[in-house]
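Contents: one structure, followed by commentary.
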Amino acid sequence: LNAKTQSLEEYQTFSTSGSVFTMLYCLAGCLSTYHLEVACVFSFRGKKWAHPELAVDTLGLCIQAWNGILPWALSHMLLAMNSAVTRTPKSAPFFQLFILVRILAVCLCIISLLEFWAVAIKK
């Protein structure tokens, strides 16, 4: 209760979808970290123990490492953005950008899950 205006102030808290997307960003970051570590381990082990899709040359390992670190970096940027913006903006360009970033995060999480499935489960 604000003493000057005698009105209730709205607290800045996450909405339910904001909380779900925060957990999704964390999941994407964890899965991409796992993918990066697996790519690094397979590069040091050599080709005889590696998964057939991961047993590639140095350039291929660098590409896989980049594909592993990109969702990690983007999910950390999105987590930093979510700490400042708790609600979806209402103004025109920021609303569309916010929604597109969430769609990108879902795509990154799906890709990270598919890479996890390809490496860990289909061994």
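The values are calculated or read from the model by the stated rules, or taken from the named source; none is laboratory data. A quick note: this is a predicted structure, and the numbers were derived from the prediction, not measured. In this analysis, Cβ positions are derived from the backbone assuming ideal geometry, glycine residues included, and neighbour counts consider all displayed protein chains. The area values use the complete protein model at the heavy-atom level, side chains included, leaving out ligands, DNA and RNA. Shrake-Rupley method; radii C 1.70, N 1.55, O 1.52, S 1.80 Å.
A few remarks follow.
- In the set (1) at pLDDT 70 or above; (2) touching a Leu at 6+ places or on another chain (Cβ under 7 Å); (3) open to solvent by less than 40 Å² (accessible area, probe 1.4 Å), the condition left unmet by residue 42 is number (1).
A quick yes/no check of all residues on (1) farther than 14 Å from residue 24 by Cα; (2) at pLDDT below 85; (3) surrounded by 13 or more Cβ atoms within 10 Å (Cβ to Cβ):
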{"position": "67", "(1), (2), (3)": "yes, yes, yes"}
{"position": "92", "(1), (2), (3)": "yes, yes, no"}
{"position": "97", "(1), (2), (3)": "yes, no, no"}
{"position": "100", "(1), (2), (3)": "yes, no, no"}
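- The range 77-103 residues that are of a type in the set (D, E, K, R), paired with ones that are modelled with pLDDT under 85 and in a loop (DSSP other than H, G, I, E, B) (beta carbon under 9 Å, 6 or more apart): 87/12; 87/13; 87/14; 87/15; 102/88
- Any hit, the range 79-92, residues being on the phi < 0 side of the Ramachandran plot and under 10 Å from the mean Cα position of the chain (by Cα): yes
- Restricting the range 73-90 to residues that are under 27 Å from residue 36 (Cβ atoms) and surrounded by 13 or more Cβ atoms within 10 Å (Cβ to Cβ), the residue that is modelled with the lowest pLDDT: 82
- Residues of the range 7-39 satisfying the condition of being among the β-branched types (Val, Ile, Thr), open to solvent by less than 50 Å² (accessible area, probe 1.4 Å) and modelled with pLDDT of 85 or more: 22, 33
- Pairs meeting the criteria (first residue in the range 31-52 and more than 10 Å from residue 69 (Cα to Cα) and part of a helix (DSSP H, G or I), second residue at pLDDT below 75 and open to solvent by 50 Å² or more (accessible area, probe 1.4 Å), beta carbons under 9 Å, at least 6 apart or on different chains) are 42/49; 43/58.
- Residue ID - farthest from the chain's Cα centre (by Cα), chosen from residues in the range 102-111 that are open to solvent by less than 70 Å² (accessible area, probe 1.4 Å) and aliphatic (A, V, I, L, M): 106
- Of the listed requirements (1) touching a residue at least 40 places away in the same chain (Cβ under 8 Å); (2) part of a helix (DSSP H, G or I), residue 62 misses just one: (1).
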